[in-house]
1. Within the stretch 228-271, which residues are of a type in the set (Asp, Glu) and over 22 Å from Tyr297 (Cα atoms)?
2. Kindly check whether there is at least one residue in the stretch 34-45 that is of a type in the set (Val, Ile, Thr) and free of Cβ contacts under 8 Å to residues at least 60 places away in the same chain.
3. Are any residues in the stretch 147-169 outside any strand (DSSP E or B), at pLDDT 85 or above and in contact with a strand residue (DSSP E or B) (Cβ under 8 Å, 6 or more places away or on another chain), and if so, which ones?
4. Take residues that are touching a strand residue (DSSP E or B) at 6+ places or on another chain (Cβ under 7 Å), aliphatic (A, V, I, L, M) and crowded, with 20+ Cβ neighbours inside 10 Å and tell me which of the helices (runs of 4 or more DSSP H) falling wholly in the stretch 172-286 contain 1 or more.
5. Does at least one position in the stretch 295-304 carry a residue that is closer than 16 Å to Asn190 by Cβ, small (Gly, Ala, Ser) and at pLDDT 90 or above?
6. Checking the condition within 30 Å of Gly153 (Cα to Cα), of a type in the set (Lys, Arg) and in contact (Cβ under 8 Å) with a residue 12 or more places away in the chain, which residue from Arg20, Arg110, Arg82 passes?
7. With respect to Thr87, is the statement that it is among the polar types (S, T, N, Q), in a loop (DSSP other than H, G, I, E, B), more than 22 Å from Ala283 (Cβ to Cβ) and modelled with pLDDT of 85 or more true?
8. Could you tell me whether any residue of the stretch 66-82 is farther than 23 Å from Val24 by Cα and within 17 Å of the chain's Cα centre (by Cα)?
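The values are calculated or read from the model by the stated rules, or taken from the named source; none is laboratory data. Because the structure is a prediction, the values reported are computed rather than measured. Cβ: placed from backbone, ideal geometry, glycine included. Neighbour counts: every protein chain shown.
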Amino acid sequence: MATFADLSSDAAELQQRVERFHTVRENILRQVREVIVGQQEVIDQILTALFVGGHCLMTGLPGTAKTLMVRTIAEALGLDFRRIQFTPDLMPSDITGTDIIEEDLATGHRKWTFVPGPVFGNILLADEINRTPPKTQSALLEAMQEHSCTVRGHIYPLPEPFFVLATQNPIELEGTYPLPEAQLDRFLFNAVLDYLTPEEELKVLDLTTTTQTPKVEAVTTAEELLDFQQLVRMVPIATSVGRYVVDLVRATRPKSDNAPDFIRKYVSYGGSVRAAQYIVLAAKARALSRRRFHVTYEDITSLATPILRHRILLNFHADSERIDTDDILQRLLAHLLPPKEE
């Protein structure tokens, strides 16, 4: 695995890449703050997902600016933005595209022509993803994991980079379908948007009830974003910290040897290996964004809850005692000892 230490001969070039990373990130945040009020933690999580190359699920009540936030970030990144409003009658072909028969007027010959769907973009906003049946939701699985889609036996690669930023309402409403566990596991974060403070809501009124409209300009390119993703992967992580991540994820599984009693009591299924991979990648992005070239214990603990909350399935004991996943994860983080310094 390449690290910053391995690249000492190219230190000057590497430093330029790091400085460019910070400049782009600060410019994105500056432009987003002109449009979006508050929700700083959620914005940080979305940017982390983009710099890692992961997907993000945003859970929040209507009116919490989920769609506006995604559109604004896409414009600041200079990426091709696509949006799908998920409804109960949405079909898989409405996402991936379909083949149509075209006739050559000169020769009279007919041929199949593929018409790409909205998934062929850089950032796909899957708005209210839990309002469509699992069959249509599963149309995103291949796109999210393989960055391609298959239509009538033909595999079509998606443009790079490719991200799915999905929104869902946290309350049970008529016409909603829970996301399949296999699809949930593909999301790096489950970011939860809460209501704003009174001062922040007043600022929203000042921004949105006047004739002024903030203009968002692109500050980077798709190619540069791909370079940032490689830069993030070069951040080293100590063996002790990596072992802590493995212990943390394994402790969420009730049948694991190091699972505490409350996990065995309240949890049916824990996190997968993909959860550990995402925690490490996100921690590397967080460390780099804070101008550190190594992953710390704080990076892990600050990101563990939004990465694990949608990967843990609680049982009826937790439901009966009104214990949610965040409660379990906070208890688990307090239970595990920090990694020893090497």
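1. Those that are of a type in the set (Asp, Glu) and over 22 Å from Tyr297 (Cα atoms): Asp257, Asp261.
2. The answer is yes; a qualifying residue exists.
3. His147, Leu158, Phe162
4. none
5. Checking the stretch 295-304: at least one residue is closer than 16 Å to Asn190 by Cβ, small (Gly, Ala, Ser) and at pLDDT 90 or above.
6. Arg82
7. Judged against the criteria, Thr87 is a match.
8. no
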